[in-house]
Amino acid sequence: MTDKDLLSALVQKTLITREIAEQLIQESSYGTNSPEDLLYDRHLVDEVQVARVKSELTGVPYKKIKLETVSEELLRLIPQETALSYRVVPLQKTSTLLVVGMLHPDDVRAQEALRFIAQREGVSLGVYLITPSDFQVLFRKYGSYESDIQAAVQAIGGSEGEERVVSLEKGGREEDAPIIKIVASTLKQAVEAGASDVHIEPQRDRVRIRFRIDGNLKDIATLPPNLAQPVISRVKVLSSLKLDETRIPQDGRFRTVVMGRDVDYRVATFPTPSGEKIAIRVLDPTTGLKNFEALGLNVYYKELLEAAMKKPYGMILVSGPTGSGKSTTLYSMMRELNNEMVNIVTLEDPVEYFMDGVNQSQVKPEIGYDFASGLRQILRQDPDVIMVGEIRDKETAGLAVNAALTGHIMLSTIHTNNAVGVIPRLVDLGVHPFLISSALNVMLAQRLVLKLCSECRESYAAPKELNDLIAHELAVLPESFAQTLSFKSPYTLYRIGQKQDCKTCKGKGTVGRLALLEIFRMTRELENTIQKGLSEGALWDEARRQGMITLRQDGIVKALQGSIAFEEVMRETT
């Protein structure tokens, strides 16, 4: 079974369109990911549906894994390296049969390796087809982060207060191996847990390791205080930072392969009285690079944004507070625009995700290479699409507007509270109102909220006050969008469930985050409003006239769909 066979079968079953299938094949030729990997990464189809189609094509039955039935003794039958290399895990063993789960049961090399293992055990081989999520969950049982850390700490020994510095040589000395293990296990665990950041924080009596998961920090591990310097030194070695410089902050980054995919880590040190603190941003392309559906863009807004991106020139600005996912949205737009006929050039601070086919550059203000000076250079690179990380000063704003007026699509972010606030902010940055109406195509605002676990969420009837509020907001939705909805009063809402043993969310009740969005378009009426003189009331009148779905309305629709909790909507919107 080839990738084309699978995609053709998915098209025949109307699970994806032919255009999407062709796009996946084309994009896979640019990079290392297969069309099937891209299919999963972008959440275009439910992986169980894909598994059932693959089962029909290969003749191998699909099986849902029960984690509790797989023991550590059973896992030892297939080495961890073999399991990762061939995407295979043991599921059951009897006196006559070894049953395994495979992502790619038609992999000839994997079949040969498994037959060898079965012959060694003196049993026959049985194969089931499994999903990537089930494989990932089971593969995590091969190594426990807590046990790895405990074993490494015990191997080091030594009295508290004793300082050690790891070797600069690759791999280090034999006695440095436990430190290397601690750092490697921590970084791997961060990727597996879906963490966006890792904090290594020396305290007076311990070293605290915390992960930021779904926007919230969580304690993960505690190390003895004498390990602070060795662990931090190891991270600095990986990041090519100066080991002997502990007085001032340093920045660095490195890349490694985790679970078969490239992951970038951005490192920042910060001096404290107890030692250097390190913050590591985890840049996993499978979680950071998303399509519009995975972002949470509804059909109405998806059409508006795609129409704006098809225009030959003009600005698309994304607004919102720090940590609201603005950069992720910009990357999603570039992903849609990226093809061999388009020259995309970016100016970022820093470059978060490396995109194949996109010319990315990082600003360095300390040498005079900032957004403004970099933008002047970009215009000499024959760009079709320009992405500037942020418009934060008068000079950058002016250059960005001029670039949009001279035949370029300009993507950037700007700090405002909502989409309507983008225009006053540009005026505040010195852009003439008559230029704004000519250069600006779309203003987008967003917030990030926790996404409810679909397996353990609980439903409840909306109280009367909320029911009335929901009815009022739904009544003013654009008719074309409202017709696609089927909610009826009394409304049903959802909240975090109490199922502590849920395997999907691991008892958290949430799985990742979802964006609430609003899009404000440049129209002839808005242009007239700008020329007559800016006022917030007039801008909001035009937003209502053109049928803008506000952040709160978008959140209410997602809450009624069961994607998010209503309390999240009320907290993040006004």
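The values are calculated or read from the model by the stated rules, or taken from the named source; none is laboratory data. Bear in mind that the values here come from a model prediction, so they are computed numbers and not experimental data. Please note: Cβ atoms are built from the backbone with ideal geometry, for glycine as well, and neighbour counts cover all protein chains shown. For the accessible areas, the whole protein counts, side chains as well, though only heavy atoms, and no ligand, DNA or RNA atoms are used. Shrake-Rupley method; radii C 1.70, N 1.55, O 1.52, S 1.80 Å.
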Condition broken by Val401, with the remaining ones in (1) of a type outside the set (Phe, Trp, Tyr); (2) farther than 10 Å from Ala439 by Cα; (3) touching a Leu at 6+ places or on another chain (Cβ under 6 Å) satisfied: (2)
Looking only at region 34-63, which residues are touching a residue at least 12 places away in the same chain (Cβ under 8 Å), open to solvent by 40 Å² or more (accessible area, probe 1.4 Å), out of contact with any Ser or Thr (no Cβ under 8 Å at 6 or more places or on another chain) and not hydroxyl-bearing (Ser, Thr, Tyr)? His43, Leu44, Gln49, Glu56, Leu57, Lys63
Whichever residue in region 1-15 is open to solvent by less than 70 Å² (accessible area, probe 1.4 Å) and either part of a loop (DSSP other than H, G, I, E, B) or out of contact with any Pro (no Cβ under 9 Å at 6 or more places or on another chain) (or both) and, among such residues, is farthest from Glu336 (Cα to Cα): Ala9
Restricting to region 234-258, and then to whatever is among the acidic types (Asp, Glu) and in a loop (DSSP other than H, G, I, E, B), can you tell me which residue is farthest from Arg335 (Cα to Cα)? Asp244
Of the residues Lys532, Lys506, Lys558, only one is charged (D, E, K, R) and either surrounded by 19 or more Cβ atoms within 10 Å (Cβ to Cβ) or within 25 Å of Thr413 (Cβ to Cβ) (or both); which? Lys558
If I go through region 470-497 residue by residue, how many of them are touching a residue at least 40 places away in the same chain (Cβ under 8 Å), assigned to a helix (DSSP H, G or I) and farther than 30 Å from Met309 by Cβ? 1
Just to be sure I understand, how many residues within region 329-362 are aromatic (Phe, Trp, Tyr) and touching a residue at least 60 places away in the same chain (Cβ under 8 Å)? 2
Qualifying residues in region 543-563 (those that are in a loop (DSSP other than H, G, I, E, B) and hydrophobic (A, V, I, L, M, F, W, C)) - the one farthest from the chain's Cα centre (by Cα): Met548
Could you please find all residues in region 424-470 being open to solvent by less than 30 Å² (accessible area, probe 1.4 Å), within 21 Å of Lys394 (Cα to Cα), aliphatic (A, V, I, L, M) and touching a helix residue (DSSP H, G or I) at 6+ places or on another chain (Cβ under 6 Å)? Leu426, Leu429, Val431, Ile436, Ala439, Val442, Met443
Options Val385, Val401; residue that is free of Cβ contacts under 8 Å to residues at least 60 places away in the same chain and either open to solvent by less than 10 Å² (accessible area, probe 1.4 Å) or in contact with a strand residue (DSSP E or B) (Cβ under 6 Å, 6 or more places away or on another chain) (or both): Val385
Taking Val358, is it within 21 Å of Lys311 (Cα to Cα) and modelled with pLDDT of 90 or more? yes
Considering each of Tyr142, Tyr86, Tyr62 in turn, give the residue that is modelled with pLDDT of 90 or more, within 29 Å of Thr504 (Cβ to Cβ) and of a type in the set (Phe, Trp, Tyr). Tyr62
Condition first: in a loop (DSSP other than H, G, I, E, B) and of a type in the set (Lys, Arg). Now tell me which residues in region 259-303 satisfy that. Lys290
Glu72 passes all but one of the listed conditions (1) open to solvent by 50 Å² or more (accessible area, probe 1.4 Å); (2) touching a Lys or Arg at 6+ places or on another chain (Cβ under 8 Å); (3) modelled with pLDDT of 85 or more; the exception is number (3)
Has region 269-291 got any residue that is out of contact with any Lys or Arg (no Cβ under 9 Å at 6 or more places or on another chain), open to solvent by less than 20 Å² (accessible area, probe 1.4 Å) and of a type outside the set (D, E, K, R)? yes
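The rows are residues; the columns are (1) modelled with pLDDT of 90 or more; (2) of a type outside the set (Val, Ile, Thr).
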position: Leu305; (1), (2): yes, yes
position: Met315; (1), (2): yes, yes
position: Val345; (1), (2): yes, no
position: Pro365; (1), (2): no, yes
position: Gly398; (1), (2): yes, yes
position: Ala404; (1), (2): yes, yes
position: Met410; (1), (2): yes, yes
position: Thr413; (1), (2): yes, no
Which count do you get for residues in region 246-265 that are over 20 Å from Ala193 (Cα atoms) and of a type in the set (Asp, Glu)? 1
Of residues in region 188-221 being out of contact with any strand residue (DSSP E or B) (no Cβ under 6 Å at 6 or more places or on another chain) and over 15 Å from Gly512 (Cβ atoms), the one surrounded by the fewest Cβ atoms within 10 Å (Cβ to Cβ): Arg204
Among the residues of region 325-356, count how many are touching a helix residue (DSSP H, G or I) at 6+ places or on another chain (Cβ under 9 Å) and in a loop (DSSP other than H, G, I, E, B). 10
